[in-house]
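Student: The structure under discussion is supplied below as structure tokens; questions concerning it will follow.
The values are calculated or read from the model by the stated rules, or taken from the named source; none is laboratory data. Just so we're clear, the structure is a prediction, and the values are computed from it rather than from any experiment. Cβ atoms come from the backbone with ideal geometry, glycine included; neighbour counts cover every protein chain shown.
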Amino acid sequence: MIKRINSSQAETKLHAGKQKFKNGLPDFLAFHRDALSSLPKALDNPGIFSNILITGPGLESDLTLLQEYISGLKKNSKVICDPHPGFLTLAGFPGNSEYRPGTMAEADGGYLLLPMRALVEDPNLYYLVKGVLQTGRIDFLTLPEMTGSKEMNRFHPSVNTRFRLILAGEEGEVDFISGVDPNFYDSFSFKIHLPYEAVMKTKNNLQLFGGLIHSWEKPGYPTFDPSAVDALLEIALRWNDSKTRLSLSFAELRTFVGELLVLFKKEKKTISRAQVESAPELIEKRIAVHKKRYLESVKEGLTSIQLKGKKTGRINGLSVILLHSSLSDFGQVNQVSARVALGSGNFINIEREVNLSGDLHDKGVFILQSYIKGMFSHIQSFGLDASILFEQNYSPIDGDSASCAELLAILSALSGIEIPCNIAVTGALSQYGEILPVGSVNTKIPAWYDVIQIAGNPKNKYKIYIPTANLRDLNLPTHIRKSMDKGKFQIFTCSHVEELIPEVFGIPAGKFGKNGKYPQGSLFHIIEERIDRKKEEEHE
């Protein structure tokens, strides 16, 4: 069922309440006290758990904090950290007169903490460490040739060392190393797997996030008042394209907090909600070069986007340009066009033909092809040749979120019925016509809004259709919600393409009847008739 959503459904309001502080834990680990509760037992039982594996995002950036945390658990043991390991930093350097110990020698009798990423980038480092763990000694004759190795005394006596290894990294890095060494898990019988991307916005997690934000404040700079903390968390949810989950990748949020501290340093002793909400636009003016250039091309007419009247075989779709941060990512409005003819049943994805289409986009085109064949399989020798194109696109496209728009463009071309230019559509498609959720909906909707502000008519209404499943994470900025209240900018949800067809074409899709035909006045019946006429013309 098509439903128009109101501004309150696109809003997220948080109240973090009293802040909880992380008590010396690294930022990421503060949210995983339960998972970490078994770590002290593993550390205290070396005979059972010799080496330890900890996986989760952001661990490598906080490796020294993780070292401090483990040192606090094992106050009488050495915990040596090597954030950027290499052969010489690990093995040390045996000169002619003396040996400069490396981290493996320094960790003798204690723990050595290493990042997985370095071992992925050079698996030989992994085999070096594994060999020392197995033999209990560093043998310099086995080290490879490297910078500075000519001065190395390779005949220096082996150095004995026994340590327990703690590896920290991401799950994908572990998968890579375990692929290189099938016996990898034999050495790591104890593993802590921390939730990979996000945590739910529970009361406890909101309080922890509040404490985390305050831990990033600096002496001599303003502090965040409670309303500002709430606003920061709302923005963090939007960046994560969610209403319910907060990302545990803190680098971007931490950078944004630093920007706010500098931006409002001279204004007040505290930073307010209004200042936090105004900051993204101020920062965007400095860094959003690509978005600015795109909007300028729309304004000047260099990028052609149809917003007036109706067009056959054309519809406004949406895509996202992913850059280095959420403040740099931006959405684009793409005119999706289709041409059709009766033939051998060949679907041409023009982006694919010129190597601009990714695997997921190709999959979406195959799915809509399957849907169309299924709807008209009763027509004998039905062969549809179709070409699909993202107009004025010069960069790679991936993802299947345009497949619903592509289907509507093909149905328009097949039926000859025009599509209004004041609408935009995003949604993936199943083989049975269900409209499936897409990513980055909170970036795509503002893209449509920005374009109509520049090239649209203030007197007209503009609509965007999104999958029903995306409503649960709809989280839009204030200025868009205000426009929704005025009725000029409307957002609708839909769950099946046959519900969407009456909205787009003004007539029902049509249900297949017992007589083997679609009902009179339906879109599919009009397509049936056109196909029959063209077949008759070909036989004359």
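Student: Here is a list: S337, S387, S370. Which entry is modelled with pLDDT of 80 or more, farther than 30 Å from R286 by Cα and either in a helix (DSSP H, G or I) or hydroxyl-bearing (S, T, Y) (or both)?
Tutor: S337
Student: Any idea which of (1) in contact (Cβ under 8 Å) with a residue 24 or more places away in the chain; (2) outside any loop (DSSP other than H, G, I, E, B); (3) of a type in the set (G, A, S); (4) more than 26 Å from H193 (Cβ to Cβ) is the one G131 doesn't satisfy?
Tutor: With respect to (1) in contact (Cβ under 8 Å) with a residue 24 or more places away in the chain; (2) outside any loop (DSSP other than H, G, I, E, B); (3) of a type in the set (G, A, S); (4) more than 26 Å from H193 (Cβ to Cβ), G131 is out only on (1).
Student: Any residue at all in the stretch 14-28 that is in contact with a His (Cβ under 7 Å, 6 or more places away or on another chain), crowded, with 16+ Cβ neighbours inside 10 Å and closer than 30 Å to P477 by Cα?
Tutor: yes
Student: State whether the residues of the stretch 255-269 include one that is in the same structural domain as S227 (by TED's automatic domain parsing), assigned to a strand (DSSP E or B) and either touching a helix residue (DSSP H, G or I) at 6+ places or on another chain (Cβ under 6 Å) or without any contact (Cβ under 8 Å) to a residue 24 or more places away in the chain (or both).
Tutor: No; the residues of the stretch 255-269 include none that is in the same structural domain as S227 (by TED's automatic domain parsing), assigned to a strand (DSSP E or B) and either touching a helix residue (DSSP H, G or I) at 6+ places or on another chain (Cβ under 6 Å) or without any contact (Cβ under 8 Å) to a residue 24 or more places away in the chain (or both).
Student: While we're looking at this one, here's another question. Return yes when T142 is of a type in the set (V, I, T), without any contact (Cβ under 8 Å) to a residue 40 or more places away in the chain and closer than 21 Å to S50 by Cα and no when it is not. Step through it out loud before you land on a result.
Tutor: Working: of a type in the set (V, I, T): yes; without any contact (Cβ under 8 Å) to a residue 40 or more places away in the chain: yes; closer than 21 Å to S50 by Cα: no.
No; evaluated as a whole, the condition is false for this residue.
Student: Taking the stretch 430-451 as the search range and keeping residues that are among the β-branched types (V, I, T) and touching a Ser or Thr at 6+ places or on another chain (Cβ under 6 Å), which one is surrounded by the most Cβ atoms within 10 Å (Cβ to Cβ)?
Tutor: For the stretch 430-451, the residue satisfying everything is I435.
Student: Which ones in the stretch 471-484 are closer than 18 Å to K201 by Cβ and in a helix (DSSP H, G or I)?
Tutor: L471, R472, D473 - these are the residues of the stretch 471-484 that are closer than 18 Å to K201 by Cβ and in a helix (DSSP H, G or I).
Student: Among the residues of the stretch 258-267, are any out of contact with any Asp or Glu (no Cβ under 7 Å at 6 or more places or on another chain), of a type in the set (G, A, S) and surrounded by 15 or more Cβ atoms within 10 Å (Cβ to Cβ)?
Tutor: Taking every residue of the stretch 258-267 in turn, none turns out to be out of contact with any Asp or Glu (no Cβ under 7 Å at 6 or more places or on another chain), of a type in the set (G, A, S) and surrounded by 15 or more Cβ atoms within 10 Å (Cβ to Cβ).
Student: When you go through Y99, Y185 one by one, which is the residue that is touching a residue at least 40 places away in the same chain (Cβ under 8 Å) and hydroxyl-bearing (S, T, Y)?
Tutor: From the options Y99, Y185, the qualifying one is Y99.
Student: OK, next. Suppose we keep only residues that are crowded, with 18+ Cβ neighbours inside 10 Å and of a type in the set (D, E, K, R) within the stretch 131-178. Which one would you say is modelled with the lowest pLDDT?
Tutor: Filtering the stretch 131-178 for residues that are crowded, with 18+ Cβ neighbours inside 10 Å and of a type in the set (D, E, K, R), the one modelled with the lowest pLDDT comes out as E170.
Student: Continuing with this model, one more query. Among the residues of the stretch 456-470, which ones are assigned to a helix (DSSP H, G or I) and surrounded by 19 or more Cβ atoms within 10 Å (Cβ to Cβ)? So that I can check it myself, show each step before the final result.
Tutor: Of the stretch 456-470, the ones assigned to a helix (DSSP H, G or I) are 468-470.
Scanning the stretch 456-470 gives T468, N470.
Student: Another one. List every residue pair whose Cβ atoms sit under 8 Å apart, with the two residues 6 or more apart in sequence or on different chains, where the first one lies in the stretch 483-501 and is in the same structural domain as I419 (by TED's automatic domain parsing) and touching a residue at least 24 places away in the same chain (Cβ under 8 Å) and the second, anywhere, is assigned to a helix (DSSP H, G or I) and aromatic (F, W, Y).
Tutor: From residues that are in the same structural domain as I419 (by TED's automatic domain parsing) and touching a residue at least 24 places away in the same chain (Cβ under 8 Å), the pairs are S483/Y449; F489/Y449; V497/Y371.
Student: OK, next. Any idea which residue in the stretch 198-217 is surrounded by the fewest Cβ atoms within 10 Å (Cβ to Cβ), counting only those that are among the charged types (D, E, K, R) and farther than 18 Å from T255 by Cα?
Tutor: Once the filter is applied, the top-ranked residue is K203.
Student: Could you list all residues from the stretch 161-176 that are of a type outside the set (S, T, Y) and part of a loop (DSSP other than H, G, I, E, B)?
Tutor: Once the filter is applied, which keeps residues that are of a type outside the set (S, T, Y) and part of a loop (DSSP other than H, G, I, E, B), the stretch 161-176 yields R162, F163, E170.
Student: May I pose another question? Considering every residue within the stretch 279-294, establish whether at least one is of a type in the set (S, T, Y), surrounded by 15 or more Cβ atoms within 10 Å (Cβ to Cβ) and farther than 14 Å from Q392 by Cβ.
Tutor: no
Student: May I pose another question? Taking the residues in the stretch 430-464 that are closer than 20 Å to E11 by Cβ and aliphatic (A, V, I, L, M) as candidates, determine which candidate is farthest from the chain's Cα centre (by Cα).
Tutor: Per the stated criteria, the residue is I464.
Student: Hey, among S227, S249, S242, which residue is over 30 Å from T135 (Cβ atoms), surrounded by 15 or more Cβ atoms within 10 Å (Cβ to Cβ) and in contact with a strand residue (DSSP E or B) (Cβ under 8 Å, 6 or more places away or on another chain)? Give the derivation first.
Tutor: On the way: S227 fails: in contact with a strand residue (DSSP E or B) (Cβ under 8 Å, 6 or more places away or on another chain); S249 fails: in contact with a strand residue (DSSP E or B) (Cβ under 8 Å, 6 or more places away or on another chain).
S242 is the lone residue from the list that is over 30 Å from T135 (Cβ atoms), surrounded by 15 or more Cβ atoms within 10 Å (Cβ to Cβ) and in contact with a strand residue (DSSP E or B) (Cβ under 8 Å, 6 or more places away or on another chain).
Student: Something else about it: Here is a list: L113, L88. Which entry is surrounded by 14 or more Cβ atoms within 10 Å (Cβ to Cβ), of a type outside the set (G, A, S) and more than 18 Å from A42 (Cα to Cα)?
Tutor: Of L113, L88, the one residue that is surrounded by 14 or more Cβ atoms within 10 Å (Cβ to Cβ), of a type outside the set (G, A, S) and more than 18 Å from A42 (Cα to Cα) is L88.
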